[in-house]
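Take a look at the structure set out below.
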Amino acid sequence: MKPEEIENKCKRDLDFMEMHLKEKFKDNFNWNEFESIDEWKKTRERTYKTFIGDYKTNRKNYIYTIYPKTNFKDGEFNISLVGHFLLLYDNIFDYKFHKDTIDELLRISEEIRIFPILNLKGEKSKFLDKIINNYNTKIEKTNYGFIKGGNKVLIIKR
C-alpha cells in the first residue's frame, strides 16, 4: 500500500472517530490524559504522521495484511497484541470476523492480547462471553483506561 493511501485512510478514520467522540461517546472516555478531544486528535495525528514518515523510509520493515487471513507461518510469533481493533468495533465487525481473526492469530502466535474488551459505547463487547467460552482465556487488569472501565485485557492462549 502506498504511504499516501495509508495517510489518507488514517486521516479519514481519525476524522470519523473525532465526529463520534464529539457527538456520541465523549462521556465514555477519561479525558485526564488528553484534556480534550482536540488534544487527543493532535496526539493521534502525531502518531500516524510519525508512522508514515518511518514507513516511507523503512518500508521493508512493514508487512501489509488484511485480517482475518495473513501470510505468516504457523507459530511465527510468540505474542500478538491487538489494540483498539477487535471487540472495540463490535458494531462494525461481526462475530465471524472476530472468530476468524482470532483463529488466524492463534495459528501464527502462542498468545493474543486484546485491549480493550469494551466497545465504543463503553459496554462489555457483545462477543466477549462467546470468545471466553470458546477459547483458553483469562482477563487481567491494566493501568491504562482511556475508555471508562476499559482497564482490562483479554488474554487468549493457543
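State to the nearest 20 debye the size of the charge dipole of region 73-129 about its Cα centre, where the only charges are +1 on K and R beta carbons and -1 on D and E beta carbons.
So the dipole magnitude of region 73-129 works out to roughly 220 debye.
Summing Lys, Arg as +1 and Asp, Glu as -1, what charge do residues with Cβ under 13 Å from the Cβ of T70 carry, T70 excluded?
Details: positive: K69, K73, R107; negative: D74, E76, D100, D103, E104.
Residues near T70 contribute -2 overall.
Carbon-plus-sulfur fraction of the accessible area of region 6-57, 1.4 Å probe, in percent?
48
Longer than 18 Å from Cα to Cα, which of K26/K148; K11/K69; K99/K126; K9/K152; K121/K148 are they? Say none if no pair is. Numbers along the way, then the final one.
Details: K26/K148 10 Å; K11/K69 25 Å; K99/K126 13 Å; K9/K152 28 Å; K121/K148 10 Å.
In this structure, K11/K69; K9/K152 exceed 18 Å between Cα atoms.
Among 89-96, 60-67, how do they line up from the highest to the lowest mean number of other beta-carbon atoms within 10 Å? Before the final figure, lay out each step's value.
Working: 89-96: 13.1, 60-67: 9.6.
Descending packing order for the listed peptides: 89-96, 60-67.
Can you tell which of T70, T142, L128 lies farthest toward the positive end of the dipole of region 24-158, using +1 and -1 charges on the Cβ of basic and acidic side chains (Lys, Arg; Asp, Glu)?
T70
If you restrict to DSSP beta bridges whose two residues both lie in region 3-158, what percentage is antiparallel, to the nearest 5?
Within region 3-158, antiparallel bridges account for around 70 percent of the total.
For K2 and F97, what is the calculated FRET efficiency with R₀ set at 30 Å and r taken between the beta-carbons, to the nearest 0.05? Numbers along the way, then the final one.
On the way: r = 25 Å, r/R0 = 0.85.
That pair, K2 with F97, gives E of 0.75.
Counting only heavy atoms of the protein chains, get the accessible area per residue of region 1-145 (1.4 Å probe) and round it to a whole Å² value.
65
Within region 119-158, list the residues whose amide N lies under 11 Å from a label point set 7 Å along Cα→Cβ of T47.
146
Enumerate the calculated ³J(HN,Hα) couplings along region 25-32 in order (Karplus 6.51 cos²θ - 1.76 cosθ + 1.60, θ = phi - 60°), each rounded to whole Hz, writing x wherever the residue is Gly or Pro.
Couplings: 10, 3, 6, 8, 10, 8, 9, 5 Hz.
Counting only protein heavy atoms and a 1.4 Å probe, tell me what percentage of region 60-158's accessible area is made up of carbon and sulfur.
Carbon-and-sulfur percentage of accessible area, whole number: 50.
For region 1-52 and region 81-158, compute the distance between their C-alpha centroids and round to whole Å.
21
Under 13 Å from a point placed 7 Å out from the Cα of K141 along the Cα-to-Cβ direction: which residues of region 112-127 have their backbone N that close?
none
The values are calculated or read from the model by the stated rules, or taken from the named source; none is laboratory data. What you see is a predicted model, and the numbers here were worked out from it, not measured in a lab. Positions of Cβ are generated from backbone atoms using ideal geometry, with glycine treated the same way; all protein chains shown enter the neighbour counts. These area figures cover heavy atoms from the full protein model, side chains too; ligands, DNA and RNA do not enter into them. Shrake-Rupley method; radii C 1.70, N 1.55, O 1.52, S 1.80 Å.
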